[in-house]
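Below: one structure, written as structure tokens.
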Amino acid sequence: MDSFQSLHADNAGIAASAATARLIAAYEKTLQQYLPAPATVCIALSGGMDSAALLHIALKFRRRWPVTACHVNHGISPYADKWEAFCRRLCAAHALPLQVFRAPAAAHRDTVSEEWARRARLQAFMQIKRPLIIAQHADAQAVTVVVRLSRGSGVGVIAAMKSGTHRARF
């Protein structure tokens with residue numbers, strides 16, 4: 001590695017560290033604003049990078065805000081069971097309780113869609129009796145807008161997911 005590549009790698013690492021520090025600070029600030037310690041939080045764990053990163057951030061504050069996790073296995077993807085197994089291993093490695101909800105798509109072959117999966121997640125999330133924290137990346141926001149546009153929604157409906165006291169943005 002030449003000096004230019006080394007410098008570029010160092011700068012990328014610094015930028016990633018700064019972004020991580022901002023995420024950690026935003027997480028703490030949001031919990032301080034909405035949840036008095038020691039409220040237990042539940043992290044919605046899909047098995048993807050976003051939710052796994054969110055879980056790792058939550059672990060930094062687990063003494064003030066104890067952490068649990070939940071996972072919804074829709075059975076839609078051929079990887080669904082592998083994602084569930086990953087979530088089980090990740091939670092076991094950190095001695096975290098994990099609640100798994102199963103919404104098998106095979107039982108609903110005629111109605112399986114992204115909308116069906118969203119509703120299955122919502123039904124599972126409604127069973128969580130503590131504050132639930134969900135990681136949403138910019139692509140998920142964009143997909144929400146595109147889906148709403150494709151349905152012919154008006155200007156007032158096409159907005160992406162809104163933040164609020166029940167859903168804070170980082």
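The values are calculated or read from the model by the stated rules, or taken from the named source; none is laboratory data. Treat the numbers as computed from the prediction; the structure is a model and nothing was measured. We place every Cβ from the backbone using ideal geometry, glycine too, and count neighbours over all the protein chains shown. Ligands, DNA and RNA are excluded from the accessible area calculation, which covers all protein heavy atoms including side chains. Shrake-Rupley method; radii C 1.70, N 1.55, O 1.52, S 1.80 Å.
Descriptive notes on the structure:
- Among residues that are over 15 Å from the mean Cα position of the chain (by Cα) and more than 14 Å from residue 132 (Cα to Cα), residue 94 is included.
- If you go through the range 47-79 and keep only what is in contact with a strand residue (DSSP E or B) (Cβ under 9 Å, 6 or more places away or on another chain), of a type outside the set (A, V, I, L, M) and touching a residue at least 60 places away in the same chain (Cβ under 8 Å), you end up with 51, 68, 70.
- Meets criteria (in contact with a Pro (Cβ under 7 Å, 6 or more places away or on another chain) and either open to solvent by 50 Å² or more (accessible area, probe 1.4 Å) or outside any helix (DSSP H, G or I) (or both)) for residue 21: no
- Number of the condition not met by residue 12 [criteria: (1) modelled with pLDDT of 85 or more; (2) open to solvent by 40 Å² or more (accessible area, probe 1.4 Å)]: (1)
- Scanning the range 113-131 for residues that are over 11 Å from residue 70 (Cβ atoms) and assigned to a helix (DSSP H, G or I) yields 114, 115, 116, 117, 118, 119, 120, 122, 123.
- Entry remark, the range 33-54: residues being in a helix (DSSP H, G or I), within 12 Å of residue 90 (Cα to Cα) and under 8 Å from the mean Cα position of the chain (by Cα) number 2 in total.
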